[in-house]
1. Please count how many residues of the range 74-91 are of a type in the set (A, V, I, L, M) and either in contact (Cβ under 8 Å) with a residue 40 or more places away in the chain or closer than 22 Å to Lys31 by Cα (or both).
2. Show the residue pairs that are 6+ apart or on different chains and have beta-carbon atoms under 9 Å apart, the first residue being within the range 61-73 and farther than 20 Å from Ser26 by Cβ, the second being of a type in the set (Gly, Ala, Ser) and at pLDDT below 95.
3. Which ones in the range 40-79 are surrounded by 12 or more Cβ atoms within 10 Å (Cβ to Cβ) and under 28 Å from His4 (Cβ atoms)?
4. Say whether the condition of being at pLDDT below 90, in a helix (DSSP H, G or I) and touching a helix residue (DSSP H, G or I) at 6+ places or on another chain (Cβ under 7 Å) is met by at least one residue in the range 2-12.
Amino acid sequence: MNYHNEIHLSELLYQTITKDYINIISKIPNKNNIVLLVGHNPILENLIEIITNELRIMKMCSLVHVVLAINSWIEIKTQTKGKLIELFNISIFYSNM
């Protein structure tokens, strides 16, 4: 990927609830205007529904592009509604060779 910036791992996002994701997002430094969150369902589906007001089914390895109308990450805690731009469902096939 040729990515050379910071990567932050958080155990708080593993086997947790949607509220914890929102709390973590709200603490992202404002110097970061693009964020990639990696996690599991159903929590990520719930998070997308909360911040976009759209229910989407996310298959394994899905990627969702959301734009938030916020000036600071702390604003995600206050009824922020984003716009779901696109949902990418990436199919992965497993075989026993």
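The values are calculated or read from the model by the stated rules, or taken from the named source; none is laboratory data. Here the structure is a predicted model, which is why all the values come from computation and not from measurement. Because the Cβ atoms are built from the backbone with ideal geometry, glycine has one as well, and the counts that use them run over all protein chains shown.
1. Summing the residues that are of a type in the set (A, V, I, L, M) and either in contact (Cβ under 8 Å) with a residue 40 or more places away in the chain or closer than 22 Å to Lys31 by Cα (or both) in the range 74-91 gives 2.
2. If the second residue must be of a type in the set (Gly, Ala, Ser) and at pLDDT below 95, the pairs left are Cys61/Ser91.
3. Those that are surrounded by 12 or more Cβ atoms within 10 Å (Cβ to Cβ) and under 28 Å from His4 (Cβ atoms): His40, Leu44, Leu47, Ser62, Leu63, Val64, Val66, Leu68, Ile70, Trp73, Ile74, Ile76.
4. yes
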